[in-house]
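The values are calculated or read from the model by the stated rules, or taken from the named source; none is laboratory data. Please read all numbers here as calculations on a predicted model, not as lab measurements. Note that we place each Cβ from the backbone using ideal geometry, even for glycine, and neighbour counts take in every protein chain shown.
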Amino acid sequence: MLFRFAYISALISIICGVMVFFLFRHFTPNDSVLPGSGYAVLAVSQSEDDRFIREILERAGIYNVISQSSQVVEIYDFGTFRTIQLDNFHNEIAYFDPRDTGFAAKLTNFFVHDGKRFFFIPLQGVAESGISNLNNTLGTILYEVPFSLAHWEQEAPFFLFFALLTISCIFTVFFAHTRRLFFYQLPILLAIAWWGFEAAVMAAFLCGIWELLREPLRELSASSRYESGNFDYAGTGFGGLVERLKPFRVNLLLALFFLLFILFFFTINDLPLFPAIVASVLFFFMNFMSFQVEKERLRKNRHMPFTPVLLFPVKTRTFSLFPFLMPFAAASLVAISLPLIFPELSPQRESAALSNPAYFVTAEDHHRHTAFQRSFPYRSLNYTLAWFNPFYSAGDLRYYLGDDGLISGSRSSISPFVEYTPFPLEQLMGFLLDYDKQPAAQAAGNTMNTLDWISVLIIITACAMDMLHPRVLPKKRIPVFRDKRVAA
């Protein structure tokens, strides 16, 4: 029965970890792009031939490059619809052609502007070789073509933070007072790695709260095993609960501070609180489950451990943040320092100047162009309207009949009658729009970076102060309710 209950609790822990994993994955900024992915942006002179550059890249094994020559524009061709390569558009469609909505020109301006021609290389395709190898490869194959290379990444690689959290958890288990109780929290700690540095900070503070509440919860768990009617030193009801928790006032105050700091940290960093709250609730739910497993083990052994009463003034330390939190403090310090030492691990914000929103093309632009082409057979050849307002509303293009069988009016939109084709650049544009919004605080004073360092400093300070605290517990650090030296 005991092993079955332990196995069920372990299974629940894994299920909770999977839930938290996908929840954090869903709430990751720009969740259409995997963490650690993005685009390398190759810029050459505007005079260079687009197709020639793409052929060189493909011969070097660099595929799926997004550029002017990789795009097509749909055009109504008097009875049918056909696509024209973007870089060849005005060789087939004259500037005065009423089918030219201006969409091709806007799309061209995205890839060619300010004297530069841009090629977007998905980083997922070069993940194995890395950015530095990509730069060396381009230097070899484009030796006669002056170029510059920048990379836009959503965030530092997920696997880096996952590895840091894994190593931290291994060491934390080694330093934990009650390893059996801590094992059930590990899947949830590993699942929050999606948020990178913030995940390391959150894991540190959650483990700090766990350590601070460890002995108070064991005190309540131990007292709950007494049969009703037996002598209870603390009394019953709320007063008894307060009496039992009096020796742990410092624990509770520090745990409250850690919890409030987590909420403050996520709010200031403009990160969704919902997944953080869910992860915290499940983390402490598994803490409850671990105590239930411990309770079942004691019931199975038919042994009720001796529970001491702490005398005032209390000198026995009921928590030990050092060295328990040091692995997470080290992981947070490494996570925040690596981008300073290895710039390729952090997004190059200076390259964001290339992503000028004035050149962006939206899905709405694409849909309006498609609607114009689909409705072209029903339009009057109003050249002036098509030239000077190419994306004008098509409200007078669909007529409906009245009860008398005559034209009674027009519809304000033709969108219900148009089957839109997917916008090929939707993922790229979505990434750039999201990237352009990231984090404004860094560009305007490094506010978030300062808070990151403050959070690491709090973790290290808590460990240092705990290390300097007078040590009264025996060397084996026996948990309070098993310390048989004090009784009353």
Item checked: Qualifying helices (runs of 4 or more DSSP H) (wholly inside the stretch 47-150; at least 3 residues being closer than 21 Å to residue 377 by Cα and either in contact with a helix residue (DSSP H, G or I) (Cβ under 6 Å, 6 or more places away or on another chain) or not assigned by TED's automatic domain parsing to the domain that holds residue 358 (or both)) -> none
Next item on the list: Return a yes/no flag: does the stretch 357-367 have any residue that is more than 30 Å from residue 166 (Cα to Cα), at pLDDT below 80 and buried (at least 16 other Cβ atoms within 10 Å of the Cβ).
Entry: no
Note to self: Looking at the stretch 342-356, can you tell me whether even one residue there is modelled with pLDDT of 60 or more, part of a loop (DSSP other than H, G, I, E, B), in the same structural domain as residue 109 (by TED's automatic domain parsing) and within 21 Å of residue 100 (Cα to Cα)?
What the structure shows: no
Next item on the list: Six or more apart or on different chains, Cβ under 7 Å: which pairs go from a residue in the stretch 162-179 that's in contact (Cβ under 8 Å) with a residue 40 or more places away in the chain and assigned to a loop (DSSP other than H, G, I, E, B) to one that's hydrophobic (A, V, I, L, M, F, W, C) and surrounded by 19 or more Cβ atoms within 10 Å (Cβ to Cβ)? Could you list them?
Entry: 176/182; 176/324
Checklist line | Meets criteria (at pLDDT below 90 and not assigned by TED's automatic domain parsing to the domain that holds residue 276) for residue 28 | finding: no
Check: From 85, 68, which residue is closer than 30 Å to residue 140 by Cα and surrounded by fewer than 18 Cβ atoms within 10 Å (Cβ to Cβ)?
Finding: 85
Check: out of contact with any Pro (no Cβ under 8 Å at 6 or more places or on another chain), modelled with pLDDT under 80 and among the β-branched types (Val, Ile, Thr) - does that describe any residue in the stretch 271-286?
Finding: no
